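In what follows, a structure is listed as structure tokens, so that the remarks can point back to it.
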Amino acid sequence: MPEFFQKKACLTPRFPAYLASVEKRPAFLAFTTITLLVISSGALRAQGLAPATLNLASHEQKAADDMVQIITSKSVQKTMDKPVHAITKHRAPVVAKKLAQPIKKEPAPAIAKDSAQTFVAEPVRPMDQQTVSKTTKRGGLFSFKTPEGKKESIPVVTQYYPKQIVYPFGRVDRHIDSRLMQAASIAEERAHAHSRSMCWHYVKEALLASGAIDSRPKSELARDAAQELVSNYGFKRLLVTDPFSAPVGSVLVYGTSRSVGHVEFRTKDGFVSDFRSKTPSRRPLLGVYAKL
């Protein structure tokens, strides 16, 4: 604004009265035109400085840019003395550690441990061996009920031979009377599973039934059978000390002077009197007798 108008406006506070008092009209028109030009020029300048589009985030973006400028300016001033590669040394290891830890250390060992445990715990076996073991276990059980009504099962032993005992078979001697072998078979047919303390009685009955003797012996004790068979019925003592070596049909007499004694026949697979047995008597052997 020209100095002339500024001085006139500032000299007196009664500016409207001053304008009214002015009688010259060209001066008033000139003043109004100048004020309009000033206002229009200010509006045009503001319009030119305003942005073409309205952005709501412009204020925040401007504040962020200002902060970035301040930070960068301060960091540049502080790091001017230090070399640029110092920043790369600090930042590069951090990125490498964060990426390497979850990928290499965590999943890889877990998979390796699980796979190793599965192979160790469950080894590969042929299918044939498994099926054979299962069938033998199922077929080798015997199920039963206890007196209390409880069901139980035990394995059946089919191939177990600890210290198998094999008794020798009796030999057949053609020199002795064949009726003695017949008497041994008769006694075996009449014998029981367990002794009834009637050994000499059953031997007498078998000898009479086969015809080896023609009368019944009169002695009562088994230990006296040897003397009566030799003196009355023609029996002879054989040179045999082992009961298993006695010929089939021979009569074996056991006992002592203070015992009742025992009498039995030798059979092909054992010994017989009033009961059958695979083994001879445990009493002392008095002698083996036969009729030739």
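Pop out the carbon and sulfur fraction of the accessible area of the stretch 158-292 as a percent, whole number, probe 1.4 Å. That share works out to 50 percent. Distance between the pseudo-spin-label points of residue 241 and residue 143 (7 Å out from Cα toward the beta carbon): 5.9 nm. Among the trypsin sites (Lys or Arg not before Pro) found in the stretch 184-280, those both in a DSSP coil and sparsely packed, with 16 or fewer other Cβ atoms within 10 Å of their Cβ, are 196, 218, 258, 268, 278. In the context of the full set of protein chains, residues of the stretch 163-292 present 57 Å² of accessible surface per residue (probe radius 1.4 Å, heavy atoms only). A full extension of the chain between residue 277 and residue 44 corresponds to an added length of 69.6 nm, given 0.36 nm per residue minus the alpha carbon distance. If R0 is 41 Å, the Cβ-Cβ spacing of residue 196 and residue 174 corresponds to a FRET efficiency of close to 0.75. Placing a pseudo-label 7 Å from each Cα along the Cα-to-Cβ vector at residue 154 and residue 220 gives an inter-label distance of 4.6 nm. Structure note, pairs 145/278; 163/268; 236/268; 218/268; 236/278; 151/278: Cα-Cα distances above 32 angstrom occur for 145/278; 151/278.
The values are calculated or read from the model by the stated rules, or taken from the named source; none is laboratory data. Keep in mind the model is a prediction, meaning the values are calculated, not measured. FYI the Cβ positions are ideal-geometry reconstructions off the backbone, even for glycines, and counts take in every protein chain you see. Accessible surface areas use protein heavy atoms only, side chains included; no ligands, DNA or RNA. Shrake-Rupley method; radii C 1.70, N 1.55, O 1.52, S 1.80 Å.
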